[in-house]
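See structure below.
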Amino acid sequence: MRHVHSTSDQQAEAAPGARVREQGASIELLQNSAGNQAVSRLLSSAGRNVATAVLPGGVARAVEDQGSAGTDLFVPTPISIAPAGPDPSPMPLNDEGLIDGEWQSEVAATVFVNAGKAGTGVVNWAGGNGGTTPNIGSFTAVAPVIETRPAGDAGTARAWVRAGTGTVTVSRKYFGVPVGANATYFITAAAAARIDTHEQNHIAHSKTAHDAHVKPLEDRVKARTGEAKALSAGADEAAAKTALETELKWNDSLTAFRNQDNTDNLPGGTVDTADAASAGWYHDLGPKTVAGVNYDHFVDV
């Protein structure tokens with residue numbers, strides 16, 4: 001879940017920002033006479049750079065909105081999510097060409113460990129780690145070590161997985177946000193709870209991907225672990241090993257898990273897109289004063 005402004009957006013907003021700065025006194029008058037929502041509409045239409053340049057001191061001063069007169073319908077700004085691609089880290093392959101070790105991911109997303117809520121931090125829109133599920137697409141794997149035995153009197157070689165190998169660990173955790181001040185954002189209790197729900201949704205989708213791709217892989221490994229469960233195939237050990245690797249589908253399964261986890265859970269992916277369009281999504285209601293403190297963004301459901 002990311003809320004960002006691109007360089008191109010900032011450049012595009014520079015021209016209207018210059019015009020609005022020349023009308024700083026009028027903005028302040030509008031703010032005091034027509035209310036915070038009227039100013040919010042103006043600032044949101046101009047962009048964030050304008051909002052931080054309107055009034056002296058580099059911040060848009062907010063006033064308490066007492067429901068002042070105004071005929072226009074106030075439309076809150078949904079918190080947008082900037083899409084991000086998968087981490088480009090190459091798959092860690094061993095000498096046998098099997099995925100082995102930790103396939104990391106820096107995108108902020110055997111055993112599936114739902115580590116739950118790891119804590120809270122300032123919301124990521126303001127530069128913190130709050131409202132994130134780190135390491136989408138990542139896992140730690142111990143590649144299967146395949147042992148073989150040559151063909152005996154039956155004329156068929158055998159291959160099996162060595163015990164203690166062929167394991168995959170997927171772990172996910174998320175960070176919530178504190179209620180109240182988050183740098184220039186004020187986040188209500190309802191919005192903070194909704195952010196938790198969103199991150200839990202990411203973890204649920206990671207587990208769905210795990211169960212669809214990793215769990216069947218674990219079952220296939222288990223079915224061939226130990227010589228007593230060896231696969232008999234091929235005239236020689238090389239043929240038996242190839243047959244077992246084909247049956248396990250080790251690399252294909254782990255790649256499919258990573259791809260589905262990325263598709264669902266990367267910023268701007270299917271989870272973000274669907275959730276942002278659902279009821280109860282959090283919105284940026286613009287500048288507001290809370291307990292005497294001015295915030296550029298008041299976030300509520």
Kindly list the number of the only condition in (1) farther than 18 Å from residue 174 by Cα; (2) modelled with pLDDT under 90; (3) buried (at least 22 other Cβ atoms within 10 Å of the Cβ); (4) not charged (D, E, K, R) that fails for residue 283. (3)
Collect the residues in segment 142-171 that are within 30 Å of residue 268 (Cα to Cα) and in contact with a helix residue (DSSP H, G or I) (Cβ under 6 Å, 6 or more places away or on another chain), keeping them in residue-number order. 168, 170
Please tell me if residue 172 is modelled with pLDDT of 95 or more and among the basic types (Lys, Arg). no
Failed condition for residue 237, given (1) within 27 Å of the chain's Cα centre (by Cα); (2) crowded, with 16+ Cβ neighbours inside 10 Å, with all others met? (1)
Whichever residue in segment 209-219 is surrounded by fewer than 19 Cβ atoms within 10 Å (Cβ to Cβ) and in contact with a helix residue (DSSP H, G or I) (Cβ under 8 Å, 6 or more places away or on another chain) and, among such residues, is nearest to residue 257 (Cα to Cα): 212
Exactly one condition in (1) exposed (fewer than 15 other Cβ atoms within 10 Å of the Cβ); (2) at pLDDT 75 or above; (3) assigned to a strand (DSSP E or B); (4) of a type in the set (Gly, Ala, Ser) is false for residue 119; which is it? (2)
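Yes/no per residue for (1) over 30 Å from residue 211 (Cβ atoms); (2) hydrophobic (A, V, I, L, M, F, W, C); (3) assigned by TED's automatic domain parsing to the domain that holds residue 203; (4) outside any loop (DSSP other than H, G, I, E, B):
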site	(1), (2), (3), (4)
257	no, yes, yes, yes
263	no, no, yes, yes
267	no, no, yes, no
286	yes, no, no, no
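The values are calculated or read from the model by the stated rules, or taken from the named source; none is laboratory data. Small disclaimer: the values here were computed from a predicted structure and weren't measured. In this analysis, Cβ positions are derived from the backbone assuming ideal geometry, glycine residues included, and neighbour counts consider all displayed protein chains.
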